Every structure is written in C-alpha cells, then in structure tokens.
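Below is one structure, written out as structure tokens; comments come after it.
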Amino acid sequence: MKEFPKEIFDRVLQKSSDYQKSIDKMYKETQFHEEKLYKNLVKFRYGQVKGTSLKVLCGQVIIKGDIDKAIAYDLDPREIFSNMSKELRKGCLFKHLYFPSSDVEAYVRNAEGFKEVKFVHHLVQEIPVPLIQNREFVTIRFTTDQTQGCNKKYVVYTHECDPGIKLAEKVVRGSTKHFNSYEEIGNGEILATSYLFCDPAGQIPTALVNMNLEGELESLIKVKEFVEKK
C-alpha cells in the first residue's frame, strides 16, 4: 500500500474550497424528480445533471439525538482490507484512508465534537462482471461548519482528486461528488441529507449504475440507528 508524499497532500488538500463550490453548484443545478420513500424511513429523490445520462440521488432522514455522534459515525474509517472475507468486504477489494498528520488521524478514528479536517479516501470496488475492470475512487473528504444562528450544521464533502500517482493495479478510476449534511432542527432532532453523484467511467451500463444508487440510502439508515442507539 503506497503512502502519500507530503507535497501531494499539500497540492490535493488545498483545493478543498474549489471542490466544495463544485459540489454546491451541482446540487443547486440538479433538476430533481418526484419524492419517494425508502424502507418507510428515508425520503429521497433522483435528479438529473446537465450533460450526463447518469442520475444523482438525494436522501433525507430525521434523526433524534446528538449531532456530534452523527459526525463521529460519518468519519469512522471502517477500513476494508483484501484479506478480509468477501462478506465483510461487501463488494470492495479494499478501502483505506491517508492522513496528512497524526493529529488528523487521531481525530477521525476517535471523533469527539467537531473539527475541520481534510484527508484522502481510497476505495477499490469489485465489479462482478466478466471483462469489466474493477473501479477505483480516490477522493478528498473534508468537514465544514456551516452553522448560522443557534442550530449547528456540519457538512462532510467528498470529491474526486488526482494524486498524480498510481495507487492500485488493473483498475479504472471513477469520479464522484458527494456530501452528507447534518443540521439541528430543534426538539433534539437532526436533519441528515445525503447527495451523491457517481461516474464509474468506462464500460459499465448506465442503468446498472443508476440502480445501485439506491443502496446508498442505507448509509442514512445506519447513521440514524447509530445515533439513536441507547
């Protein structure tokens, strides 16, 4: 497993402001379709982005509990290694995080309260279709405090980045734009919003990509279960 040279971290992480603007712009320009309900819990809408046949997905769920707990669950690395069982890997070959400092790593692995941090996330997705290469996603993840007034609002952004070095063999590198937003709405409740656009690139049928988007709504259910767990 390769490590990131410091100069690559400096180059990639300093673009976070541009990446945030890019994701926010895409979200504002998305033309959403009618609202649906997933597992009687998550309200969601598909949307269309100009210039692509791929869909975007936006889901929302109400969570009763502590916003800091939601951030802690979101940032938890939940790393995946190639020597783990197929069941535990859940369709991934591996998932690894690269941290610019030991302080950032310590916070992400044991998040308490909110801090603004940036790090690199590397995932290789196994494609169970003959003759189609596995997909690699190299992204920067970073947190922002968008609180206005009394109610806290934290957003975790994920955006593709180009480190300029090869991190895995025999893969096609895809791209993604994604955010998870957590906002206090009163009465001890949080509105959690997830917005996702993913382009795996290459020869994967668009319909297959769009069908798999709905599985991402499970992440909202999982954070809800974690925060509300007694």
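The values are calculated or read from the model by the stated rules, or taken from the named source; none is laboratory data. All values derive from a computational prediction rather than experimental measurement. Cβ: placed from backbone, ideal geometry, glycine included. Neighbour counts: every protein chain shown.
Yes/no matrix, rows are residues, columns are (1) in contact with a Gly (Cβ under 9 Å, 6 or more places away or on another chain); (2) under 20 Å from Thr158 (Cβ atoms); (3) among the basic types (Lys, Arg); (4) surrounded by 19 or more Cβ atoms within 10 Å (Cβ to Cβ):
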position	(1), (2), (3), (4)
Lys28	no, yes, yes, no
Phe81	no, no, no, no
Lys86	no, no, yes, no
Leu97	no, yes, no, no
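Applying the set (1) closer than 20 Å to Gln14 by Cα; (2) out of contact with any Phe, Trp or Tyr (no Cβ under 8 Å at 6 or more places or on another chain); (3) at pLDDT 95 or above to Glu184 leaves exactly one unmet item: (1).
Against the conditions (1) hydroxyl-bearing (Ser, Thr, Tyr); (2) at pLDDT 95 or above; (3) more than 19 Å from Ile190 (Cβ to Cβ), Tyr73 satisfies every one except (3). Gln20 fulfils the conditions (1) over 19 Å from the mean Cα position of the chain (by Cα); (2) in contact (Cβ under 8 Å) with a residue 12 or more places away in the chain except for a single criterion, (1). Here Phe9, Phe44 are screened, and the one residue that is touching a Gly at 6+ places or on another chain (Cβ under 7 Å), in contact (Cβ under 8 Å) with a residue 24 or more places away in the chain and not in a loop (DSSP other than H, G, I, E, B) is Phe44. Listed by first and then second residue, the pairs with beta-carbon distance under 8 Å, at least 6 apart or on different chains, first residue in the stretch 138-155 and within 14 Å of Gly186 (Cα to Cα), second among the basic types (Lys, Arg), are Thr147/Lys153.
Within the stretch 81-99, the residues that satisfy the criterion of being closer than 25 Å to Lys118 by Cβ and in contact (Cβ under 8 Å) with a residue 24 or more places away in the chain are Cys92, Leu93, Phe94, Lys95, His96, Leu97, Tyr98.
For Arg78, the requirement of being assigned to a loop (DSSP other than H, G, I, E, B) and within 30 Å of Thr147 (Cβ to Cβ) is met. Quick check on my filter: what residues within the stretch 128-156 are buried (at least 19 other Cβ atoms within 10 Å of the Cβ), closer than 21 Å to Cys92 by Cβ and not charged (D, E, K, R)? Result: Phe137, Val138, Thr139, Ile140, Val156. Does Leu37 meet the test of being at pLDDT 95 or above, over 20 Å from the mean Cα position of the chain (by Cα) and hydrophobic (A, V, I, L, M, F, W, C)? Taking the combined requirement at face value, the residue satisfies it.
Taking the criterion of being surrounded by 15 or more Cβ atoms within 10 Å (Cβ to Cβ), in a strand (DSSP E or B) and not small (Gly, Ala, Ser), the residues of the stretch 49-64 that qualify are Lys55, Val56, Leu57, Cys58, Gln60, Val61, Ile63. Filtering the stretch 103-122 to residues that are out of contact with any helix residue (DSSP H, G or I) (no Cβ under 9 Å at 6 or more places or on another chain) and either part of a loop (DSSP other than H, G, I, E, B) or modelled with pLDDT under 90 (or both) leaves only Glu116. Determine whether Gly164 is in contact (Cβ under 8 Å) with a residue 12 or more places away in the chain, more than 29 Å from Asn187 (Cβ to Cβ) and surrounded by fewer than 13 Cβ atoms within 10 Å (Cβ to Cβ). Answer is yes for this residue. Count of the stretch 189-203 residues, restricted to those that are modelled with pLDDT of 90 or more, farther than 15 Å from Leu57 by Cα and surrounded by fewer than 22 Cβ atoms within 10 Å (Cβ to Cβ), is 2. When we screen Leu88, Leu93 for residues that are of a type in the set (A, V, I, L, M, F, W, C), part of a helix (DSSP H, G or I) and out of contact with any Lys or Arg (no Cβ under 9 Å at 6 or more places or on another chain), the only hit is Leu88.
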